[in-house]
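These notes concern the structure reproduced below.
The values are calculated or read from the model by the stated rules, or taken from the named source; none is laboratory data. Note that this is a predicted model, so its numbers are computed, not measured. Here Cβ is always computed from backbone atoms with ideal geometry, including for glycine, and neighbour counts include all displayed protein chains.
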Amino acid sequence: MKIELILIPLLPLVGFLLNGLLRNYLSKGLVGIIGSGSILGSFILSVIVFMQIKAGNTAIVEYFNFIKAGSLHIPFAFQADQLTSIFLLIITGVGFLIHVYSTSYMHEEEPHHFARYFAYLNLFVFSMLLLVMGANFVIMFIGWEGVGLCSYLLIGYWFKNKDYTKAASKAFIMNRIGDLAFLIALFMLISKLGSVTFSEIFTTEALAKLSGFDITVITTLLFVGATGKSAQIPLYTWLPDAMAGPTPVSALIHAATMVTAGIYMIARSNLMYSMAPGTLNCIAIIGVATALLAASIALKQNDIKKVLAYSTVSQLGYMFLALGTGAYVAAVFHVMTHAFFKALLFLGSGSVIHAMGGEQDMRKMGGLSKYMKITNITFLLGCLAIAGIPGFSGFFSKDEILAGAFATSPVLYALGLIGALMTAFYMFRLYATTFKGRFRGTHEQEHHLHESPAAITIPLIVLAILSVIGGYIGIPEFLMHGAHSLKEFLQPVFAQSYAILPTHEVSHSTEWMLTGISSLLIIIMVVLAWTRFSKKPDIEDAKGFGKLLQDKWYVDEIYHSIIIKPLNAISAFFNNVFEKNIIDGIVNGVGRLVNYGGRQLRWLQSGQTGAYILMMVVSVLLVFVLQFFMRK
Amino acid sequence: MGESEGAMPINYYIVLALALFTIGIVGVLTRRNAIIVFMCIELMLNSVNLLLVAFSKMQPAKDAALTVAGTDGQLFVFFIMVVAAAEVSVGLAIIVMMYRNIHSVDINFLNRLKH
Amino acid sequence: MGITQILFWILTVAALFSAIMVISSKNPVHSVLWLVAAFFTISGHYILLNAQFLAIVNIIVYAGAIMVLFLFVIMLMNLNKSTEPLKNRWLQIVGIVSGGCLLLVLVAALKNTEVSKNMAEMGTGEAGLIKTLGRELFTTFVVPFEISSILFLSAMVGAVVIGKK
C-alpha cells in the first residue's frame, strides 16, 4: 500500500519533469506516450488501491517529517480511504482520457509547446492527486495551490494572446482570494487545535474543544476558499473566462480536477461542517443561488464553451447545495457523474470546434449531425445525462440532491428544480442549435467538416458509456432496496456526521412523486427546446431581459466598478500623494539631514590641535560631572 | 600616621600635582608656540611624576618588611623620564624640521597633516 | 609647624609660581628658564620625600639635558624674541576657564576619595635610595631597562634622520 500510494502522484510528477525538461528533444509521439502513460499508470495503481480499500484496508501512510516545530508536527503523509479512492479514480481515469484526447487535439502545436502542454497537464494531475491524497491540511494546501498555479499556466497556454493571459491572471487572482481564507482557516486550526492532520482533528472529542463560534469561523473561511476553487458566488467569474485555455484543459479543469477540490475539501471536513449548522445553511443558499444564476446566464450564451462553462458553475452549485443539506454522498455522487458527462460534453464540443476550424459560436454551426456521427451521438448522450432524463447518470445524482434539499426545505427543492429545468432547456438549446437544423457557416467550413480521428472519438465513446451507466452505482432506496452501493461504500467516511446531523426521512411515496414531477417537467423542457431551436435558432442578439442574461447579469462590470476601480483609485492616490510626498520626503529628508549635520559638524574637525585638546578637556570635565551626578 | 614632623597629608601633594597639571593644560590651550606647548607637556609629565613619588611614600616605612615598599613607583618615574627624554629628542627634531619648512613654529599652521 | 612643613609650603608656592610664569612669559627663553626653576622645585619635593635618586636624576636629565636641548633649539632658530602672534582672546579665555573648571572638578572629586585621608611619609624609608633602586632596577626591572636603551637608540636615530632632511 505504501509503495502504490506514493507512486500514484509520483508518476505524473515524473511525466511532468521529463516532458518539461526535455521538451526540446522529445518527439510529439514520445511526449504523448510519456504524458498519457504516466496517468495510465496512476490509474491502474488507483484501481489497485481502490480494490484494497473496498476490501476494507484503509490506511494512513507517513513518509517523512515535513514540518516539526515545537508541539506542531506535520508529517508528509497520505491518507487512503473511501473518499480518496473515489476521487483518485475520477481524476486519473477521466484525466487519462483527456490526455489521450489531447494527443490528437493539440497535434498542430509546435513540438516544444506540445511538450510544455503535456508537462502542465501532468503537473495539474499531480497537484490534484496531492490534494486528495494528503492526510493533513498542509499537504492538501500544497495541491490546492498547485492546481491554482497549473490552471493559470494552462488557461494562459496561448500566452501570445493578451486576453488569454488576462483570463489566466483573473483565474489566479480569484483563486488567491479564496486561498487566503483557506490559509487563515489553517492557521486558526493550528492555533486552536495544534494539529492539521485529518485523523486527529476530525474526531468528535477534538472538535469539542473548539467553541461554536470558532467552528463557524473556520468552516466559513474554508468555504470561502472552496468558493474560489470551485467557482461559487462571489468568486465564480474566473471559470467562464477559463475557456481561454485549450478545450481539453477546460474539460480537465471542469470535470476531473480543480473545481471539485472545494467539494472534496468540504466532504473531507464533513464532521466539522456538520457541527456548524449555520455554515451549512450558508453553503446551501450560496449553492442554490449559484446554480440558478449560472443556469440563467447559460440560457442566452452563444459561445458553445461558455454555455458549458456556466453549466459547470451551475452543477457545482448543486454539489454545494447537497453539501449544505448534509447529503454528502449525493455531492460526491454528483461529482462523479458530472465528471463523466461534463468531460464528455467538453471533449465533444472540442471535437466540434476542431471540425469547425476553431469556430466557437453556435450561431455559425447547425446540422452537424450529418457530418459527425460519433460526436453527435455521444454529445446527445451527454446532454441527456446532464439534463437528468431518467435512466441516465445525471438523473440519479441530481435526484438524490433534490431529495436531500426537499428533506431540508421545500424552498430549496423548488429553486433547485427550477435550475434543473433551465439546465435541461439550455443543454438542448445547445444541442439543437449545434447539431440540428441547417448549416450556417461558410462554405470552406462546410467543406472542411469531418469526423474527428480515433484518439478523439474513443475517449468520447468511453465517457458516453460511463455517462449512461455511471448512475447505477447509486440507485435510490425507493427504486431498489439496498442498491445504493456508493452510499454503503462511503459509509465510514460520513458515519460520524450522520450521527450528529438531524435526519429528515422522506417517505418513499413522496420521493416517487417528486421524481415523477421533476422527470416530467424536464422531459417537457427538452422537447420544448428541441423543437424550438432545431427549426429557428436565435441568431439575433437578445433584447431586454435576455440581454441582461447574455451579458451575464453584468457581474463582471459590477466587480470592476466596485472593487477594481476604487482599488485603482487608492493605488493612484498612494502613488501620487503618499509615495511622492511622504516616502520620498522621508528618504530625501534623511539625506538632507545628514548633509546638513555634516556641514554643521565640520568645524569640529578644524585640524587645530588646540581645539582638539580643548574638546578633550571639556569631555573629561563632562565625564567627571556626569559621574558626580550618577553617584547621587 | 599623622605623628610628628615626618608626614604630610597626601592630598596636599595631589592638589599640587593637579594644579601643575592644569597649568600645563592651560598652557597648551592658550599658547601657539610649538616649543612652549612642548614645554607644557613636560610640565604635565613632571606633575605626574611628583604624584607617583608622593604615592610611593604613602606606606609607613617602620615595618622592616616594607623598607623597600614604593620602589616600584619610583622606578616607574625613572622610566617616565627615560621615555620623556626620548620623546623630547624626536619632538624637537620635528619642530626644527617644521621651522625649516614653513619658517614658523606656530601650531596653527600645522592643521593639514601634510606639506 | 616643623621645618618639613615650612619647606613644603615654600617649595609648593615656588613650583606653582614658576609654572605659571612658564606659560605667561612672552619670551620663550624666559619660559625655558622658568621651567628649569619649576623642575628644581619639584626636585626639592623629591628630596623632602627622601627620593634622593630621582631628585638627582630629575636635575640631571630634565633641568640639565632636556632643557638645554630646548634652549639650543630656541637659540638656533632665533626665536628668543617674542614674535608669537596673539591667539584669539576668546580662545584664551575659554582655555583658562576650562582649565580652571577641570582643576575645580578634579579637586572636588578628590574630596570624596578614601586615599585623601592617607599621609605621605617624609624623610624616612629606604625606597628612594640609590642602593635600593639600583638593586631593583637590575634584578626585577632589568628587561624594561634594557628595552629602554633600545628606545633611546631608536629615538636617536629618528632625531638624526628627521633633523638631517
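Give the residue that is modelled with the highest pLDDT, with candidates limited to residues of the stretch C:109-134 that are assigned to a helix (DSSP H, G or I) and at the interface with chain B (Cβ under 7 Å from one of its Cβ atoms). Going through the qualifying residues, I end up with C:133. Scanning the stretch A:502-557 for residues that are modelled with pLDDT of 80 or more, closer than 18 Å to residue A:425 by Cβ and not hydrophobic (A, V, I, L, M, F, W, C) returns A:518, A:519, A:531, A:532.
Conditions (1) out of contact with any Pro (no Cβ under 8 Å at 6 or more places or on another chain); (2) at pLDDT 85 or above; (3) crowded, with 20+ Cβ neighbours inside 10 Å; (4) not in a helix (DSSP H, G or I), marked per residue:
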site: A:398; (1), (2), (3), (4): yes, yes, yes, no
site: A:403; (1), (2), (3), (4): no, yes, yes, no
site: A:412; (1), (2), (3), (4): yes, yes, yes, no
site: A:418; (1), (2), (3), (4): yes, yes, no, no
site: A:423; (1), (2), (3), (4): yes, yes, yes, no
site: A:426; (1), (2), (3), (4): yes, yes, yes, no
site: A:445; (1), (2), (3), (4): yes, no, no, no
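Among the residues making up the stretch C:135-165, a single one is at the interface with chain B (Cβ under 7 Å from one of its Cβ atoms), of a type outside the set (D, E, K, R) and not in a helix (DSSP H, G or I): C:141. No other residue among C:106, C:69 is farther than 23 Å from residue B:81 by Cα, under 21 Å from the mean Cα position of the chain (by Cα) and part of a helix (DSSP H, G or I) apart from C:106. Any idea which residue in the stretch A:80-119 is surrounded by the most Cβ atoms within 10 Å (Cβ to Cβ), counting only those that are in contact with a strand residue (DSSP E or B) (Cβ under 9 Å, 6 or more places away or on another chain) and modelled with pLDDT under 90? If we take residues in the stretch A:80-119 being in contact with a strand residue (DSSP E or B) (Cβ under 9 Å, 6 or more places away or on another chain) and modelled with pLDDT under 90, then A:80 is surrounded by the most Cβ atoms within 10 Å (Cβ to Cβ). Applying the selection to the stretch A:151-165, what residues are touching a residue at least 60 places away in the same chain (Cβ under 8 Å) and assigned to a helix (DSSP H, G or I)? A:151, A:154, A:155, A:163, A:164 - these are the residues of the stretch A:151-165 that are touching a residue at least 60 places away in the same chain (Cβ under 8 Å) and assigned to a helix (DSSP H, G or I).
Yes/no matrix, rows are residues, columns are (1) modelled with pLDDT of 90 or more; (2) within 7 Å of chain C (Cβ to nearest Cβ); (3) surrounded by 24 or more Cβ atoms within 10 Å (Cβ to Cβ):
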site	(1), (2), (3)
B:29	no, yes, yes
B:51	yes, no, no
B:59	no, no, no
B:64	no, no, no
B:68	no, yes, no
B:75	yes, yes, no
B:81	yes, yes, no
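The residue that is nearest to residue A:620 (Cα to Cα), among those in the stretch C:96-111 that are touching a Phe, Trp or Tyr at 6+ places or on another chain (Cβ under 9 Å) and of a type outside the set (Gly, Ala, Ser), is C:102.
Yes/no per residue for (1) touching a residue at least 12 places away in the same chain (Cβ under 8 Å); (2) part of a loop (DSSP other than H, G, I, E, B); (3) under 16 Å from residue A:335 (Cα atoms):
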{"position": "A:227", "(1), (2), (3)": "yes, no, yes"}
{"position": "A:231", "(1), (2), (3)": "yes, yes, yes"}
{"position": "A:236", "(1), (2), (3)": "yes, yes, no"}
{"position": "A:252", "(1), (2), (3)": "yes, no, yes"}
{"position": "A:255", "(1), (2), (3)": "yes, no, yes"}
{"position": "A:266", "(1), (2), (3)": "yes, no, yes"}
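Please determine whether any residue of the stretch A:461-478 is part of a helix (DSSP H, G or I), polar (S, T, N, Q) and under 26 Å from residue A:80 (Cβ atoms). Within the stretch A:461-478, not a single residue is part of a helix (DSSP H, G or I), polar (S, T, N, Q) and under 26 Å from residue A:80 (Cβ atoms). Go through the residues of the stretch C:49-57 one by one and say whether even a single one is in contact with a strand residue (DSSP E or B) (Cβ under 9 Å, 6 or more places away or on another chain) and either within 10 Å of chain B (Cβ to nearest Cβ) or surrounded by fewer than 18 Cβ atoms within 10 Å (Cβ to Cβ) (or both). Looking through the stretch C:49-57, at least one residue is in contact with a strand residue (DSSP E or B) (Cβ under 9 Å, 6 or more places away or on another chain) and either within 10 Å of chain B (Cβ to nearest Cβ) or surrounded by fewer than 18 Cβ atoms within 10 Å (Cβ to Cβ) (or both).
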